[in-house]
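The values are calculated or read from the model by the stated rules, or taken from the named source; none is laboratory data. Everything numeric in this text was worked out from a predicted model, so none of it was measured. Here Cβ is always computed from backbone atoms with ideal geometry, including for glycine, and neighbour counts include all displayed protein chains.
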Amino acid sequence: MEADPHTPLRSLVPDYDLVLTYGGGDPVVERYRAIGARRCVPVYNALDPATHHRVAPDPRFAADLAFLGNRLPDREARVEEFFFQAVRLLPRRSFLLGGNAWEGRAGADNLRYLGHVGTESHNALNCTPLAVLNVSRESMAANGWSPATRVFEAAGAGACLITDAWEGLELFLEPGKEVLVARDGAEVASLLDGLEPDQAAAIGAAAMERLRAEHTYAQRAELVEETLAVVA
């Protein structure tokens, strides 16, 4: 049920013993506590190794950098900055764009538009290019501690991930070792232009190892079970 905008925020969390939140880290935890929640536990996105894993490269997805994401109002400006800016700055590099509704934006000679990419092809798309780009939605980037599913899908398949910068990233992947971090499109271009295949493979392997060790859905389920046991 949609909340009445005139309803005091505290009444939306009426002295709950526990709130499980999709993400947000300490800022979200403190906000829930401030309006009456006794305990708030973030349960983040994660990796399902049985679904997202290494596969053989697919020539259909050969490129220097790939971005997969549907065109959404709260993501478009950031995709323009982090992806299309890099496309313009590196005319000799090859780029792939996958996702719905980008038809009118894929006009550069070094950019190939894939349209919708079915889930059965996601592993190949992640494993084939030199690097894969993650661009957070505006609200997730502004709050921090809100990794998108794409982070886990791509890195969990051994992709060398380049992501836009957001607070809390270190909780999931170590910048420079397990993920490359850019503050704008120019930095995406700089990182990509200096990236060697051996380095990309090492970053992807380190990320996959970290996620499988610490950030699987099985581990998220254990967290929920442990949390519920405490409040039961």
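Observations on the structure shown:
- Count of segment 109-121 residues, restricted to those that are farther than 22 Å from Thr51 by Cα and either in contact with a Lys or Arg (Cβ under 7 Å, 6 or more places away or on another chain) or of a type in the set (Val, Ile, Thr) (or both), is 1.
- Looking at Gly36, Gly98, just one residue is of a type in the set (Gly, Ala, Ser), more than 23 Å from Arg183 (Cβ to Cβ) and in contact with a helix residue (DSSP H, G or I) (Cβ under 6 Å, 6 or more places away or on another chain), and that residue is Gly36.
- Figure legend. Inter-residue proximity from segment 36-51: first residues within 23 Å of Val231 (Cβ to Cβ), second residues basic (Lys, Arg), beta-carbon distance below 6 Å, spacing 6+ or different chains. Indicated pairs: Gly36/Arg10; Val43/Arg220; Ala46/Arg220.
- Hits in segment 87-116 - residues which are within 15 Å of Gly69 (Cβ to Cβ) and among the hydroxyl-bearing types (Ser, Thr, Tyr): Tyr113
- Residues in segment 64-80 that are more than 29 Å from Arg220 (Cα to Cα) and acidic (Asp, Glu) were compared, and the one that is modelled with the lowest pLDDT is Glu76.
- Qualifying residue in segment 172-182 (condition: among the acidic types (Asp, Glu), free of Cβ contacts under 8 Å to residues at least 12 places away in the same chain and on the phi < 0 side of the Ramachandran plot): no
- Of residues in segment 128-171 being within 10 Å of the chain's Cα centre (by Cα) and among the acidic types (Asp, Glu), the one surrounded by the fewest Cβ atoms within 10 Å (Cβ to Cβ): Asp164
- Single unsatisfied condition, Leu114 versus (1) of a type in the set (A, V, I, L, M); (2) surrounded by 22 or more Cβ atoms within 10 Å (Cβ to Cβ); (3) out of contact with any helix residue (DSSP H, G or I) (no Cβ under 7 Å at 6 or more places or on another chain): (2)
- When residues of segment 19-63 are limited to those that are assigned to a strand (DSSP E or B) and touching a Gly at 6+ places or on another chain (Cβ under 7 Å), the one modelled with the lowest pLDDT: Pro42
- Counting only residues that are modelled with pLDDT of 95 or more and acidic (Asp, Glu), segment 81-137 holds 2 of them.
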